[in-house]
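No lab work stands behind these numbers, since they all come straight from the coordinates. Bear in mind that the values here come from a model prediction, so they are computed numbers and not experimental data. Reconstructed Cβ throughout: ideal geometry from the backbone, glycine too, with neighbour counts over all protein chains shown.
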Amino acid sequence: MKITRVETFLVAPRWLFCRVETDEGIVGWGEPVVEGRAHTVRTAVHELAELLVGEDPLRIEDHWQRMTKGAFYRGGPVLSSAVAGLDQALWDIAGKAFDAPVHQLLGGPVRDRVRVYGWVGGDEPTEIAEAIAAQVEAGLTAVKMNGSGRMSRAGTVAEIDGVLARLAAAREVLGPHRDVAVDFHGRFTAATARRVIPLLADAHPMFVEEPVLPEHTHLLGDLVRSSSVPIACGERLYSRHEFLPALQAGIAVAQPDLSHAGGISEVRRIGSLAEVYDAQLAPHCPLGPIALAASLQIAFATPNFLIQEQSLGIHYNVGAELLDYVVDREMFRFVDGHLPRPTRPGLGVLVDEDAVRRADELGHEWRSPTWRHDDGSFAEW
Ligand SMILES: [Mg+2]
């Protein structure tokens, strides 16, 4: 079998899909995107495709090595995301070639269903209680929300009280049998995070995410030691090498993104590395159906998996939803807050190719917002 063609599709709301075709008629799909840089990643995918066309798609690890290291300069979100989507597509092809779901090729299922969580409250969380009630109504047993909206990095008393009040409101709606995670989105300084996180402990958040920016990973150890609240990070880390210092600092939850951190091949390894530090894996996934399908394949094959993020109804999904691009929506239908084990070969997702091609004709220009503080200076989003 040989790879004959690599195509990309820029689809709303903010995603990029790739389609890898072979001379035996087997087609693999992937989702190579970093939010806000879809056009740049698209160019990277087509550069990397030069390494793949004419090659045997089943030599996944060899392709991963060449795509990741072959151009001498390596790493970063754009290249790692381009590799990630192509890696997903190669695993999809391998599963279809061997007539097995990808998790079967990774050693077989280690669980029967996968717990998922949904987002509430958007970028500037308000009316949390109603949003959570809606997610509970939809069947979810766990949610995540931003700890704050735009705020001063040092945090005023009112801003910090707002964080505590929202979490308390969430806990009241959820009760003791459901979970809430709080995303700090790198909006606080390390000192503010150290002040705030211990105050959250009584509400028992499942974890606090990105308490500091990824460039401040060297400060995570102090935060881990400052309270009993589990610390999570990793959506902006792109390889096992970048996860190592965070794991050494004592994070409880590693959150690689299947579409950013080198795909199934590398996230598999990040999961194993996390296991050495008794950390759990909760893959980041505010993305589309192919990224979620790839995440599920990892979730079913990873012993130290905790919970899966998914984007149904997320505030970014304006104009299109995850289900708009799949033929079989049952794969993504929750039962008691869990998704069932995909049994189809490959990633298991049946992509609606006509819908994807139509969406690509319109494309999108999604960009991360730029926020500013009251004094006009740049604010972390
Ligand atoms: Mg996050």
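A few remarks follow.
- Percent breakdown of C-alpha pair distances by 5 Å bin, ordered from the shortest bin, for the stretch 3-100: 3, 15, 27, 25, 17, 9, 3, 0
- Gain on full stretching of the segment that runs from Ser228 to Asp161 - 0.36 nm per residue minus C-alpha separation: 22.2 nm
- In the distance distribution for the stretch 124-259, Cα-Cα pairs more than 27 Å apart total 18 percent.
- Extended-chain gain in nm, criterion 0.36 nm per residue less alpha-carbon gap, Glu321 and Asp336: 3.3 nm
- Cα long-axis angle, helix 77-98 against the chain (0 to 90 degrees, to the nearest 10): 50
- What separates the Cα centres of the stretch 50-78 and the stretch 87-106 is a distance of 17 Å.
- Between the Cα long axis of helix 38-52 and the first principal axis of the chain there is an angle of about 40°, rounded to the nearest 10.
- DSSP bridge orientation in the chain - percent antiparallel, rounded to nearest 5: 50
- Angle between the chain longest axis and helix 353-362 axis [Cα atoms, degrees, rounded to 10]: 70
- Spin-label model distance (nm) - Thr43 vs Ser152, 7 Å beyond Cα toward Cβ: 4.0
- For Asp374 and Arg74, a Förster radius of 45 Å and the Cβ-Cβ distance give a FRET efficiency of 0.65, rounded to the nearest 0.05.
- Based on alpha-carbon atoms, the Kirkwood radius and the radius of gyration of the chain give Rg/Rh equal to 0.96.
- Length gained on full extension, Leu58 to Ala191: 43.0 nm, using 0.36 nm per residue less the C-alpha separation.
- Tensor-based shape of the stretch 64-138 (alpha-carbon gyration tensor, a/c under 1.5 rounded, otherwise prolate or oblate): oblate
- Shown is the FRET efficiency for Phe98 and Glu353, computed with R0 = 30 Å from the Cβ-Cβ distance and rounded to the nearest 0.05: 0.85.
- Mean Cα-pair separation over length for the chain, i.e. relative contact order, pairs under 8 Å, 6 or more apart, %: 22
- Peptides 207-213, 85-91, 300-306, 365-371 ordered by packing proxy, namely the average of other Cβ atoms within 10 Å per residue, highest first: 85-91, 207-213, 300-306, 365-371.
- Interchain or long-range residues, amide H under 5 Å from Trp119's placed H: Lys144
- At R0 = 25 Å, FRET efficiency that the Cβ-Cβ distance of Arg113 and Val276 yields, to 0.05: 0.45
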